[in-house]
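Following: one structure in structure tokens, then a few remarks.
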Amino acid sequence: MTLAEASRLTHEVQQLGQKVVLTNGVFDLLHVGHLRYLQQARDQGDLLIVGLNSDASTRTIKGDERPLVPEDERLELLQALRCVDAVVLFDEATAETLVEVLRPDIYVKGGDYQLSQLPEAAIAQRYGGEVRILQHVAGRSTTDLIDAIRERFCP
């Protein structure tokens, strides 16, 4: 979905009095921590839009070795999840533009973040949106998976 399409969808859903939830991330090597987080995010409202970092923006924030899974495959995986209503690919390092354009009722991030780390939070709060930090699934991250693979298979 393009940003313009997501904006129209957000507006339509909000006109019906329903709540739009937005989250974002890389979602490289999709794992149970991602799934539980996205399910929690969907439970916060009526429609869940996921902003997906493009390959270029992922390299900017995670380094040249990431992502492991290309953006088109990460997009396909996220779209296949029942809890995800729409996915928007974006090239920026942060989701500030997504929050500014979509103006979700609720912007959520995982418990591995703090409010002070989220430039998007100020934007959401400025227009009256809520920002929620959801529970983090300890020991379940792409970095943890990469480390386990290196430890087990790369002597």
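The values are calculated or read from the model by the stated rules, or taken from the named source; none is laboratory data. Everything quoted here is computed from the prediction, not taken from an experiment. So basically every Cβ, Gly included, is an ideal-geometry build from the backbone, and we count neighbours across all protein chains shown.
Within the option set Val99, Val69, Val88, being farther than 20 Å from Ala121 by Cβ and either out of contact with any Gly (no Cβ under 6 Å at 6 or more places or on another chain) or of a type in the set (A, V, I, L, M) (or both) holds for one residue only, Val69. The residues of the range 98-128 that are of a type outside the set (D, E, K, R), at pLDDT 85 or above, over 15 Å from the mean Cα position of the chain (by Cα) and surrounded by fewer than 20 Cβ atoms within 10 Å (Cβ to Cβ), listed by number, are Val101, Ala122, Gln125, Tyr127, Gly128. Checking the range 123-137 against the condition returns a match, with at least one residue being under 29 Å from Gln15 (Cβ atoms), assigned to a loop (DSSP other than H, G, I, E, B) and in contact (Cβ under 8 Å) with a residue 12 or more places away in the chain. If you scan the range 37-69, which residues turn out to be of a type in the set (S, T, N, Q) and either under 22 Å from Arg82 (Cα atoms) or touching a Pro at 6+ places or on another chain (Cβ under 7 Å) (or both)? Within the range 37-69, Gln39, Gln40, Gln44, Asn53, Ser54, Thr58 qualify.
Look at Asp55 and say whether it is closer than 18 Å to Thr143 by Cβ, touching a helix residue (DSSP H, G or I) at 6+ places or on another chain (Cβ under 8 Å) and either modelled with pLDDT of 95 or more or buried (at least 19 other Cβ atoms within 10 Å of the Cβ) (or both). Yes.
Looking only at the range 64-84, residues that are touching a residue at least 40 places away in the same chain (Cβ under 8 Å) and out of contact with any Ser or Thr (no Cβ under 7 Å at 6 or more places or on another chain) come to 8 in all.
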